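Worksheet for the structure shown next.
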Amino acid sequence: MILIILKNLLFEYYFKEREKGKQQSRDHEETKRQIEEDADEEIVKLMQTHEQQLIACKEENSNLKNKSTTFQRKVRLKPKKEFP
């Protein structure tokens, strides 16, 4: 009789621990999923920020190249001063 009670207690303990492990595993997976989603969102935000900065730099470089070209043309077209 005592053996049957002990056996039942052991089975109950085993199943409770097993369920506790499964719940911890589910909690772990949920936390992992949330962290991955947060990281993905942060990466997208950083990419957008840096893309905008890159576009601004490209526009600035293009403007500087245009100014440089214009200046070079003016210098070439400007008549040279002759010294006496």
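Worth a mention:
- For the chain, the dipole from Cβ point charges (+1 on Lys and Arg, -1 on Asp and Glu) about the Cα centre works out to 1180 debye, to the nearest 20.
- Folded to 0 to 90 degrees: helix 2-77 orientation relative to the chain principal axis, Cα: 0 degrees
- Stretch gain in nm, segment residue 25-residue 53, where the contour uses 0.36 nm per residue and the Cα spacing is subtracted: 5.9 nm
- Exposed loop sites were defined as trypsin sites (Lys or Arg not before Pro) in DSSP loop states (anything but H, G, I, E or B) carrying at most 15 other C-beta atoms within 10 Å; in the chain the longest segment without such a site runs 1-79.
- Scattering from the chain was approximated by placing one identical point on each alpha carbon and applying the Debye formula without solvent; log10 I(q)/I(0) at 0.11, 0.15 1/Å stands at -0.69, -0.83.
Readers should treat all values here as calculations from the given coordinates under stated rules, not as data from a laboratory. All values reported here derive from a predicted model rather than from experimental measurement. For neighbour counting, all protein chains shown are included, and Cβ atoms are generated from backbone atoms with ideal geometry for every residue, glycine included.
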